[in-house]
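Here, each number is a calculation from the coordinates, and none is a lab measurement. Computed from a predicted model, the values in this text were never measured in an experiment. Cβ atoms come from the backbone with ideal geometry, glycine included; neighbour counts cover every protein chain shown.
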Amino acid sequence: MVFRFTYPYRQVNSVQLAVVLLILAVLYSSVSVADSMRCGTRLVTTGDSKAEVLVRCGTPDWRDRWSEKVIEDFAGLHERRVSLEREQWIYNFGPQSFLRFLVFENGKLTAITTGSYGYRKDSQLPTRCDTDILGTGLSQYEVLQRCGEPFFKDSRNEEVFSAISGKNRRLVERRIDEWTYNLGPTHFMRILTFTNGRLEVISSGSKGF
């Protein structure tokens, strides 16, 4: 036995069709965003060296580097040390394209991700920071484009212990950056705290000047 279902005929106009095609294109592109990026006619993929990426895509608009040291202590019997040199390159292809983030570990490309829309390269950085448009997870480059240079910068390394199992512990070293923005005498200063290049905390300080 064959069942047939009929639906009311609905005409799809060109605008609806374009929206559907755009959604499909975004879904398709998101599949490969983690392992490849096209620079003109050239392609970079995870596993490439920094030199290969530089030749194919040119100098990035932002470079950020930090070291991650992991020490795993197994109940004092023995320990395992792992040191990773991480570097993040950001490519800004303009306001009609998304920012692309390339992460290298010990000189090899390990991840390619997409950020917010890019920025005009010929425009000046803003002179005043509207922290309402900021959100955790933004890169330092994105914050710089939205808020301009901070009044003060500070940086330090921080060690964090975490339990693995039982008496075993893990020590992770990470880089902490603090950017302070002076918004004037009628506003409190804004302190932006980054962990390994990503905005993690937005807090208020004393009154500005």
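Amide H neighbours of Gly197 under 5 Å, at least 5 residues apart or on other chains, H built in the peptide plane: list them.
Placed amide hydrogens put Asp177 under 5 Å from Gly197.
Let's see if you can work this out: charge +1 on each Lys and Arg Cβ, -1 on each Asp and Glu Cβ, no other charges. What is the dipole magnitude of segment 70-142 about its Cα centre, in debye to the nearest 20?
Working: 8 positive and 10 negative charges, 61 e Å.
With Lys and Arg at +1 and Asp and Glu at -1, about 300 debye.
Output ³J(HN,Hα) for segment 126-131: one whole-Hz value per residue in order, computed from phi by the Karplus curve 6.51 cos²θ - 1.76 cosθ + 1.60 with θ = phi - 60°, and x for Gly and Pro.
x, 9, 9, 9, 9, 5
List the residues, sorted by chain then number, that are 5 or more residues from His187 or on another chain and whose placed amide H is less than 5 Å from its amide H.
Gly208
Which of the peptides 56-65, 175-184 is most tightly packed, and how do the rest follow, going by the mean number of other Cβ atoms within 10 Å of each residue? Walk me through the intermediate numbers first.
On the way: 56-65: 15.7, 175-184: 18.0.
Final packing ranking: 175-184, 56-65.
Can you give the extra length, in nm with one decimal, that the chain gains between Ile176 and Arg81 once fully stretched, where that is 0.36 nm per residue apart less the Cα-Cα distance? The partial results should precede the final answer.
On the way: separation 95, 0.36 × 95 = 34.20 nm, distance 2.11 nm.
Full extension from Ile176 to Arg81 adds 32.1 nm.
Given H placed on each backbone N at 1.01 Å, which residues far from Trp62 in sequence or on other chains put an amide H within less than 5 Å of it?
Amide H neighbours of Trp62, under 5 Å, 5+ apart: Ile90.
Between Rg and the Kirkwood Rh of segment 24-207, both from Cα atoms, what is the Rg to Rh ratio?
Working: Rg = 19.1 Å, Rh = 18.6 Å.
Checking Rg against Rh, the ratio lands at 1.03.
Pop out the Kirkwood hydrodynamic radius of segment 120-209 from its pairwise C-alpha distances, inverse of mean 1/r, in Å to one decimal.
On the way: mean 1/r = 0.0687 Å⁻¹.
Evaluated over segment 120-209, this radius sits at 14.6 Å.
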